[in-house]
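S.K.: Handing you this structure, nothing more for now.
Derivation of every value follows stated rules applied to the coordinates shown; laboratory data play no part. Being a predicted model, the structure only gives us computed values, none of them experimental. Using ideal geometry, Cβ is built from the backbone for each residue, glycine included, and neighbour counts are taken over all protein chains shown.
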Ligand SMILES: Cc1cc2nc3c(=O)[nH]c(=O)nc-3n(C[C@H](O)[C@H](O)[C@H](O)COP(=O)(O)OP(=O)(O)OC[C@H]3O[C@@H](n4cnc5c(N)ncnc54)[C@H](O)[C@@H]3O)c2cc1C
């Protein structure tokens, strides 16, 4: 799928608030890791910042002849977004997040990323047959 | 060039359609994007103004004049520059055989002065051959003798009673497809998955397997079953969700056989392509096998009807009458409410000088088109060795070079002369991006930039005006080949070892030598002038033609109903691929494939593009409450997908 900006936003909203949320609940409820609401805060910050990053990615995409965004770049963007949020929390702090265990953050983050990536490759296509022709727009 | 002779013949291929243009022009000649921005007169002389469609050109880009007897090209301070014989220059002198590039246009100086006027050129529009057709069971050339379609087909609307009155078989149906190739198959696949039953659909065509014609073209152009197509992993004509993609299926298959390395490679390819890995493409044989499975699942054979469609008319009750022949003088009618046209490419383009050669010498063996059966070329070369001239530098040329490379392993006395009209110093530009070029081959994973299928470029084209569309298509289109490591290596190895050579120049003529072998005379750039290329075979790998008027059926339809064509002379369709002027009360006509090229979507002639046009068409039918057709989404889509997995009828 070759995303458009609108498609990036719509897909991000849907997948963060469904698949991302489900994975996060496993962490807030302590099924995986120490538990606590901090994971939910992290997810929502990632989501909000992500909406901004999408504008940048969409801009960078214009330098590519095919105007595509392969999985490898999605991964690179994912690494960058994690790095960024750790820096912001570490240096400035974010409301709602008092303490972040870096190890558990990475486990949570990786699982959320992976679940969203896999869902976007499979489930989105099956539930929304027009999604891939509309650059990620599903509404 | 002598003074006083102020005519030149330029020659270029339209980047949007690949058509050859060779106008004879009187100097001075202005080239640019906007007519009004180019001077109408210079020093009292009228200027020949040539408007070229591309956003990469400036409004007034360059000027050709005669200065002290020299043909001089001057760049008019353009944004993207002018390249003369492959070098960026603002001003330069040109001779016959030279070429220059502005935007996506590579323009050759064919001949100047008196010679320019004398040269007669057959236009490329008249130069094509029919594709090999399957054997039809008709014995006599019936079209000339019979009075079919009947006289009532002369009116604008046919009365259904009149069809019955002919005494010929008439069948009435809700949905009909014409063509029965991949475009029809994909449309029917959508209909079936959207709830339409087998009994409501009929598809008329010449071959039962939907991929029969496509497979023949693949085999002719040297893509056997084990070779890979130029197609995305998730362009799956057998699966409207594109999941699981061909890469996943092939990885799973190899994984089960224990070939872990190849399984991982396919997965890595689809993850990293095209930046960090070579683009994955499916094997031809796997695609055909998957279509066989889906055809059986949706009941294709029961919906298929053998027949050559002769004419289509509106009926007086809001439907359409299809008149078709079943061979041996046997005719019938099909009456339908909803009609889908997917007749594919009517003809293969053939370079005019090669076509002339064949007609003059009656030798159809040594000058061949890449899309016709020409295995004898490789067989003879493998036996006796020899020299081949290849014309064209697209994907088919690449595949033929690969085939000749394989032949060289059996017989090293095979040489390749690749004849190109002009050098390719740089690839097309669009916005901030540029296509890459190596050894004068321009690379792109597929025949369009990827975002044409579903990304930003799709949106941009859909929203553009018909004229803007033409310009965008010029910028994104053009002849490209796939960036395959093995192909690049073959070309480099051939160049290093000398058995593969690239020649630039305009062909003057092709003539048989005393042994009856085709000799090509070309005008090389620079002072060398005319040179001669001796060869045993010439292979034309320049392309296919989708013009409406080359198809008798479509030509009749367009003339009868005065249908508008788009700026590229194909059927004008709406964003939902409807031929709006054919609307007949509740009845509707849709089209797909190469016959709609130049409209709202660039990649119409591809598996994924056929799925796109089918989806948009079927969605608009669902909105119009066509019988039993329900829009597919969410849970219903998931349930249909499960049926696909379990191989149950939809
Ligand atoms: C060599 C080659 C390789 C390609 N590779 C790829 C690829 O890898 N990936 C990709 O996505 N696309 C590819 N394409 C492009 C495209 O997907 C195919 O051309 C595809 O077959 C187009 O389908 P279609 O239905 O438009 O035409 P076709 O499959 O050609 O079907 C049209 C059918 O209509 C029939 N017909 C025409 N007129 C009449 C009439 N009057 N009455 C009855 N029947 C009629 C014809 O006989 C034909 O069978 C390739 C094309 C070629 C030529």
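S.K.: What do you get for Rg/Rh over chain A if you use C-alpha atoms and the Kirkwood form of Rh?
M.R.: Using only Cα positions, Rg/Rh for chain A is 0.98.
S.K.: As I understand it, the value is the acute angle between the Cα axis of helix B:485-497 and the longest principal axis of the Cα atoms of chain B; what does it come to in degrees, rounded to 10?
M.R.: Relative to chain B, helix B:485-497 is tipped by roughly 30 degrees.
S.K.: What is the spread of the Cα atoms of region B:287-388 along each of their three principal axes, largest first, in whole Å?
M.R.: If we take the Cα atoms of region B:287-388, the spans are 62, 37, 25 Å.
S.K.: Which semi-axes, in whole Å and largest first, does the equivalent ellipsoid of region B:209-339 have when worked out from the alpha carbon gyration tensor as the square roots of 5 times its eigenvalues?
M.R.: Ellipsoid semi-axes (Å, largest first): 40, 16, 14.
S.K.: Let's test this: bin the Cα-Cα distances of region B:7-118 at 5 Å from zero up to the farthest pair and state each bin's percent.
M.R.: Calculated over all Cα pairs of region B:7-118, the distribution is 2, 13, 23, 28, 22, 9, 2, 0 percent.
S.K.: If you don't mind, there's one more thing I want to ask. Neighbour counts of other C-beta atoms within 10 Å: give me A:28, B:480 arranged from fewest to most. All intermediate terms of the calculation are to be shown ahead of the outcome.
M.R.: Details: A:28 19, B:480 26.
Going from sparsest to densest Cβ surroundings: A:28, B:480.
S.K.: Fully extended, how many nm does the chain gain between residue B:639 and residue B:410 (0.36 nm per residue separation, minus their Cα-Cα distance)?
M.R.: Full-extension gain reported as 77.2 nm.
S.K.: Here's another thing I want to ask about it. I'd like the distance between the alpha-carbon centres of region B:327-401 and region B:426-487, rounded to an integer number of Å.
M.R.: A separation of 26 Å, based on Cα centres.
S.K.: Using R₀ = 45 Å, calculate the FRET efficiency as 1/(1 + (r/R₀)^6) where r is the Cβ-Cβ separation of residue A:60 and residue B:624; round to 0.05.
M.R.: For R0 = 45 Å, the calculated efficiency reads 0.65.
S.K.: Need the C-alpha centroid separation for region B:208-269 versus region B:604-632, integer Å.
M.R.: Taking the Cα centre of region B:604-632 as reference, the centre of region B:208-269 is 24 Å away.
S.K.: Let me ask you something else. At q = 0.15, 0.23 Å⁻¹, what log₁₀ I(q)/I(0) does region B:240-293 have when each alpha carbon counts as one equal point scatterer in the Debye sum?
M.R.: Cα-only, vacuum Debye calculation for region B:240-293: -0.43, -0.93.
S.K.: Rg over Rh of region B:168-252, using C-alpha atoms and the Kirkwood radius, what does it come to?
M.R.: That ratio equals 1.05.
S.K.: Continuing with this model, one more query. Go ahead and run the numbers for FRET between residue B:549 and residue B:317, Cβ-Cβ distance against an R0 of 22 Å, rounding to 0.05.
M.R.: Here the calculated transfer efficiency is 0.15.
S.K.: Here is a follow-up. How much mean residue ellipticity at 222 nm does chain B get from its helices, if each DSSP H run of length 4 or more adds -39500 (n - 2.57) and you divide by all residues, to the nearest 500 deg cm²/dmol? Working shown, then result.
M.R.: Values: 19 runs with 191 residues, N = 650.
Helix contribution divided over all residues of chain B: -8500 deg cm²/dmol.
S.K.: Here's something else I'd like to know. Does anything in region B:84-109 have its amide N under 14 Å from the 7 Å Cα→Cβ label point of residue B:37, and if so which residues?
M.R.: B:103
S.K.: Can you put B:218, B:152, B:236 in order of Cβ neighbours within 10 angstrom, beginning with the fewest?
M.R.: Numbers: B:218 20, B:152 17, B:236 25.
Neighbour counts put them in this order, fewest first: B:152, B:218, B:236.
S.K.: Give me D for region A:14-53 in µm² s⁻¹, whole number, from Stokes-Einstein with Rh from the Kirkwood sum over alpha-carbon pairs, 25 °C and 0.890 mPa s.
M.R.: It comes out at roughly 241 µm²/s.
S.K.: Measure nothing fancy, just the Cα-based angle from helix B:634-646's long axis to the longest principal axis of chain B, in degrees from 0 to 90, nearest 10.
M.R.: 90
S.K.: Note down the nm distance, to one decimal, between modelled labels 7 Å out along Cα→Cβ at residue B:583 and at residue B:524.
M.R.: According to this spin-label approximation, the distance is 6.1 nm.
S.K.: Can you give me the relative contact order of region B:7-118 as a percent, contacts being Cα pairs under 8 Å and 6 or more apart?
M.R.: Relative CO of region B:7-118 lands at 27 percent.
S.K.: Mind checking the mean number of beta-carbon atoms from other chains within 10 Å of the Cβ atoms in B:268-278?
M.R.: Averaged over the peptide's residues, the number is 4.
S.K.: Please compute the average number of Cβ atoms from other chains found within 10 Å of each residue's Cβ in peptide B:439-452.
M.R.: Shielding by partners across B:439-452 averages 3.
S.K.: Another question, if that's okay. Could you sort the peptides B:449-457, A:34-42, A:78-86, A:4-12 by per-residue average Cβ neighbour count (10 Å cutoff), highest mean leading?
M.R.: B:449-457, A:4-12, A:34-42, A:78-86
S.K.: Could you check the spin-label model distance between residue B:364 and residue B:259? Points 7 Å from the Cα along Cα→Cβ, value in nm.
M.R.: 3.9
S.K.: Considering all alpha-carbon pairs of chain B, what whole percent are spaced by more than 42 angstrom? If you can, show how the numbers build up before the last one.
M.R.: Numbers: 61889 of 210925 pairs.
Considering chain B, 29 percent of its Cα-Cα pairs are separated by more than 42 Å.
S.K.: Additional query: Need one number: % antiparallel among DSSP beta bridges in chain B, to the nearest 5.
M.R.: Taking every DSSP beta bridge within chain B, about 60 percent pair in antiparallel fashion.
S.K.: Sticking with this one: Just for the Cα atoms in region B:403-523, what are the lengths along the principal axes, largest first, rounded to whole Å?
M.R.: Sorted from largest, the Cα extents of region B:403-523 read 57, 33, 21 Å.
S.K.: For residue B:439, put the label point 7 Å out on the Cα→Cβ axis and report which residues of region B:496-537 keep their amide N under 11 Å from it.
M.R.: Hits in region B:496-537 for residue B:439 at 11 Å: B:496-502.
S.K.: Same structure, new question: Need one value for A:132-138: mean number of C-beta atoms belonging to other chains within 10 Å of its residues' C-beta atoms.
M.R.: Working: counts 10, 12, 5, 8, 2, 2, 2.
Counting other chains' Cβ atoms within 10 Å and averaging over A:132-138 gives 6.
S.K.: What Kirkwood hydrodynamic radius do you get for the protein assembly as shown when you take the inverse of the mean 1/r over all pairs of distinct Cα atoms, in Å?
M.R.: Values: mean 1/r = 0.0346 Å⁻¹.
Over the protein assembly as shown, the inverse of the mean reciprocal pair distance is 28.9 Å.
S.K.: I've got another one for you. Take the alpha carbon atoms of region B:42-110, find their center, do the same for region A:61-139, and report the distance between the two centers in whole angstrom.
M.R.: Result: 48 Å between the Cα centres.
S.K.: Using a 7 Å offset from the Cα along the Cα-to-Cβ direction at both residue B:534 and residue B:154, what is the distance between the two label points in nm, to one decimal?
M.R.: 6.1
S.K.: Mind checking the angle between helix B:246-256 and chain B's longest principal axis? C-alpha axes, 0 to 90 degrees, to the nearest 10.
M.R.: Once rounded, the angle reads 80 degrees.
S.K.: Hey, another quick one. Only counting other Cβ atoms within 10 Å, I'd like B:613, B:231, B:551 sorted with the fewest neighbours first. Can you show the working numbers first?
M.R.: Numbers: B:613 29, B:231 22, B:551 19.
Sorted ascending by nearby Cβ count, the order is B:551, B:231, B:613.
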